[in-house]
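Quick notes on the structure that follows.
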Amino acid sequence: MELILETLGLAKSAELLSLSPPGWGGNLLRGLVNSLQIAFGAFGFGLIIGLFGASGKLYGGVVLRDLLAIYTTVIRAVPELVLILILYYVGTDLINQVSQALGYGRVEISGVVAGIWVLGIVQGAYATEVLRGAIQAVPTGQIEAARAYGMPPMLLMRRVTIPAMMSYATPGLANLWLIATKDTALLAIVGFSELTLETRQAASSTRAYFTFFLAAGALYLIVTLFSGVIFARIEKWARRGQPSLKGTGR
Amino acid sequence: MGKLMAMSDVAAKENQVSDAQSEAIRVTDLHKSFGALEVLKGVSLTAHKGDVVAIIGGSGSGKSTFLRCINFLETPSSGQIVVNGEEIQMRADGTPVHRKQIERIRTRLGMVFQAFNLWTHRTLLENVIEVPVYVLNVPRAAAIERAKVLLDRVGLGDKADTFPSFLSGGQQQRAAIARALAVDPSVMLFDEPTSALDPELVGEVLTVIRDLAAEGRTMLLVTHEMKFAREVATHVVYLFEGRIEEQGPPAELFGNPKSARLKQFLQTVG
Ligand SMILES: Nc1ncnc2c1ncn2[C@@H]1O[C@H](COP(=O)(O)OP(=O)(O)O)[C@@H](O)[C@H]1O
Ligand SMILES: [Mg+2]
């Protein structure tokens, strides 16, 4: 192994990327874990917002619909980097003001929580639209049948609307998840030590920019490939009741 | 003739009063408008237990709307609906007072749709146990056992684990009937159950419905199959532009129609 690395001239890189100091591999992996944690939390938070947002847009009153329209429009119009700066500083500032007003003094806000909150709100706007489209794609007859058999609204949502819309929502949600993993990189700007920031620090300390950014790129790629496999499975499951288009004549 | 009708009407009324116990559904003076369009202009209909009421009429005459008002898939504009002796509480604008009451009554009315409307993400068995398990809180094992019997009964015992989209329209409609039977409905509502089917598949669905009629199931059946209506119905109602134009026993209504409109209608549908 070492011989191969030696002959390829990669011995230096392997040393730099080693998991234990003085190698920086451990830092990169910690950054990755942080990134994934935030991506996961933000995606989940975004889904919850999206579910309520979509229901509100479809079934809510006029005021609620208008508020949601403002939310999705503004969030999707403003560049994410700007949103992150605004939401992060506004959010931490608000929390501190509240806590000071209550006499608690300044609170330290965990980077992970802040990251999830900020990216979750961004994801929520997109998820609202993805889920609204998916819910509208559910054949009305299936919802009507559930109503005709006495299902109360929440049960109907849980047992019919959500499972039936999954096949329409999965491709969009898979995209959102990948965007979430990569948007975590934007949190570097507020000093959160996710993968990109860790990479930059390692690179600038060692001047081995190429090695480290290539390594980070590979990690992002692995996450993407792995996600692809998972979402393919979810989609297959969600489409279980539908005949596949393969094999039908064109 | 008119006098005879009126007399039989009076007799029917007296019957209603005397055996309210046996009443499955009583609809009184039902009106329904969509915006400015008045689709039902005062329809009254009583079905006793074991009755098979066939509802016929031209396209757009309000047959579907009438059925859908009974379980409040459409909100009636006014009128009175009594299911199994329980009156649905309506506000002045027809909206139900208690959502829970509507939901409870809906579980007593097994509806079968023209387009089947099975839940495509669930297998036939899952479709049939869905309402018993999740709405009526029947233990899952018991619901599955009963669902298997019902699927057998409609000839789909070997398709329990198949998803609806992989089946023919006739099979889907039979599964939808099994789903309706799973709640042991006191009244079944059929809205043109064979109209979306290829002609060669109509027979298998009619056979199932015929069986149900023979075992004394109460049903309201909207249909364009006149021969079938004549054969299974105990009472036939002809709707024309949101009003009951003529009604009576099938032999009389089909054999000796009185209204010119019904005569013409029967000629056009053959
Ligand atoms: N949701 C609705 N909104 C507006 N008009 C409707 C609606 N549903 C039915 N209608 C109208 O009501 C009339 C009766 O419809 P329907 O009850 O479906 O007739 P049928 O089942 O006898 O063919 C038709 O003119 C139809 O266009
Ligand atoms: Mg109709």
For this session: Give the number of residues within region B:82-114 that are under 28 Å from B:Ile209 (Cα atoms), open to solvent by less than 10 Å² (accessible area, probe 1.4 Å) and within 16 Å of ligand 1 (Cβ to nearest atom).
Result: 2
Seminar exercise, completed: The condition from (1) open to solvent by less than 10 Å² (accessible area, probe 1.4 Å); (2) over 21 Å from the mean Cα position of the chain (by Cα); (3) at the interface with chain A (Cβ under 10 Å from one of its Cβ atoms) that B:Trp119 misses is numbered (2)
For this session: Of the numbered conditions (1) within 15 Å of the chain's Cα centre (by Cα); (2) surrounded by fewer than 17 Cβ atoms within 10 Å (Cβ to Cβ); (3) among the hydroxyl-bearing types (Ser, Thr, Tyr), B:Thr75 fails exactly one; give the number of that condition.
Result: (1)
Seminar exercise, completed: Condition set within 13 Å of another protein chain (Cβ to nearest Cβ) and assigned to a helix (DSSP H, G or I), scope region B:159-170, selection surrounded by the most Cβ atoms within 10 Å (Cβ to Cβ): answer is B:Pro164
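Given region B:187-241, what strands (runs of 3 or more DSSP E) lie entirely inside it while holding 3 or more residues that are out of contact with any Lys or Arg (no Cβ under 9 Å at 6 or more places or on another chain)? Let's see the steps before the verdict.
Working: elements: B:187-191, B:219-222, B:235-240.
Fully inside region B:187-241 and qualifying: B:219-222.
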For this session: State whether one or more residues within region B:171-192 are closer than 17 Å to B:Gly110 by Cβ, more than 16 Å from ligand 1 (Cβ to nearest atom), among the basic types (Lys, Arg) and surrounded by fewer than 18 Cβ atoms within 10 Å (Cβ to Cβ).
Result: no
Seminar exercise, completed: From the option list A:Gly31, A:Gly56, A:Gly23, single residue qualifying as within 18 Å of A:Thr199 (Cβ to Cβ), small (Gly, Ala, Ser) and modelled with pLDDT of 85 or more is A:Gly31
Exercise. Would you pick out the residues in region A:146-163 that are at the interface with chain B (Cβ under 7 Å from one of its Cβ atoms) and either hydroxyl-bearing (Ser, Thr, Tyr) or open to solvent by less than 10 Å² (accessible area, probe 1.4 Å) (or both)?
Worked result: A:Ala148, A:Tyr149, A:Gly150, A:Met151, A:Val160
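Kindly indicate which of A:Thr161, A:Thr170 is polar (S, T, N, Q), out of contact with any Phe, Trp or Tyr (no Cβ under 9 Å at 6 or more places or on another chain) and assigned to a helix (DSSP H, G or I). I'd like the intermediate steps shown before the answer.
Values: A:Thr170 fails: out of contact with any Phe, Trp or Tyr (no Cβ under 9 Å at 6 or more places or on another chain).
Of the residues listed, the single one that is polar (S, T, N, Q), out of contact with any Phe, Trp or Tyr (no Cβ under 9 Å at 6 or more places or on another chain) and assigned to a helix (DSSP H, G or I) is A:Thr161.
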For this session: Test A:Thr170 against the criterion of being within 14 Å of chain B (Cβ to nearest Cβ) and within 14 Å of the chain's Cα centre (by Cα), and give yes or no.
Result: yes
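Does region B:193-202 hold any residues that are within 16 Å of ligand 2 (Cβ to nearest atom) and over 24 Å from B:Arg108 (Cα atoms), and which are they?
B:Ser195, B:Ala196, B:Leu197, listed by residue number.
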Problem set entry | Qualifying positions in region B:33-60 - within 16 Å of ligand 2 (Cβ to nearest atom) and open to solvent by 10 Å² or more (accessible area, probe 1.4 Å) | B:Phe34, B:Leu37, B:Val39, B:Gly58, B:Ser59, B:Gly60
Exercise. Which of the residues that make up region B:193-223 are within 16 Å of ligand 1 (Cβ to nearest atom) and farther than 17 Å from B:Phe116 by Cβ?
Worked result: B:Leu220
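The values are calculated or read from the model by the stated rules, or taken from the named source; none is laboratory data. Since the model is a prediction, treat every value here as computed from it, not as a measurement. Note that we place each Cβ from the backbone using ideal geometry, even for glycine, and neighbour counts take in every protein chain shown. Quick note on the areas: whole protein, heavy atoms, side chains included, nothing else; ligands and nucleic acids left out. Shrake-Rupley method; radii C 1.70, N 1.55, O 1.52, S 1.80 Å.
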